[in-house]
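Have a look at the structure below, then the notes.
Read-outs: derived from the displayed coordinates by stated rules, not from any lab. Bear in mind that the values here come from a model prediction, so they are computed numbers and not experimental data. Every residue, glycine as well, gets a Cβ built from its backbone with ideal geometry; the counts of neighbours run over all protein chains shown.
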Amino acid sequence: MNNHNKLILASGSPRRKQLLEENGFNIEVIASQVEEIIQDHWSVEDVAVELADLKALDIYEKIGKPSKTIVIGADTIVVWNDQILGKPKDKAEAFTMLKNLSGTSHLVYTGVSFRGEIDLQILEKTIVYFAPISEEQINYYITHYNPMDKAGAYGIQEWLGICFVEKIEGCYTNVMGLPMRRVFEVLESIIEF
């Protein structure tokens, strides 16, 4: 694919970069360092989109709003029992999150913001169902993987997700951090095949 536009990912997530590159997009990564502060007046559905847009705008403005450029910001949140589970601060918080997710379902929202040549925000929701996970299994995952950089303390593409997710309703790549079908639909108008 030939990009007529420069694509910049305003996220340091290796999974998002991998998803875009594996699907033929040439991207540059400039991770936003904007502080992710959730406003009281945002609904749960608003949080991921608003944070994604803050990141995209942050980078788009920092690079001087060039033409022929699209900055992609993204944010993923996990919602369990009406609580937003972000990235855990430490192993104890990761353990608590995973213990709560064990044997239950939760929602994964990813907001994606496109700024520049396209100005658009999208939101994708996926329902994830976990089988019961023992405390020993949770500890194994925390010890051998890195739950600290993942919303809800897990990666669906890693051991815990592969062995304990019973089913999902919705987009699989959304749970990885980027709903690729929807992203592709937005970007295909500027890509030459």
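Relative to the present Cα-Cα distance, how much length would full extension add between N146 and E61 at 0.36 nm per residue of separation?
Going from the current span to full extension adds 27.4 nm.
What ³J(HN,Hα) values, in whole Hz, does the Karplus curve 6.51 cos²θ - 1.76 cosθ + 1.60 give for region 9-15 when θ = phi - 60°, with x put for Gly and Pro?
9, 8, 8, x, 5, x, 5
Can you give the calculated 222 nm mean residue ellipticity of the chain, where each DSSP H run of n ≥ 4 adds -39,500 (n - 2.57) and the sum is split over every residue, rounded to the nearest 500 deg cm²/dmol?
Taken over the chain, the calculation gives -10000 deg cm²/dmol.
Over all distinct Cα pairs, what is the inverse of the mean 1/r for region 1-137, reported as the Kirkwood hydrodynamic radius in Å?
About 16.3 Å for region 1-137.
What are the equivalent ellipsoid semi-axes of region 109-193, built from the alpha-carbon gyration tensor (square roots of five times its eigenvalues), in whole angstrom, biggest first?
Its equivalent ellipsoid spans semi-axes of 31, 13, 11 Å.
Using only Cα atoms, tell me the angle between helix 44-62 and the longest principal axis of the chain; keep it within 0 to 90° and round to the nearest 10.
Result, in degrees: 40.
I need W159, W80 ordered by Cβ neighbour count within 10 Å, fewest first.
Numbers: W159 14, W80 17.
In order of increasing Cβ crowding within 10 Å: W159, W80.
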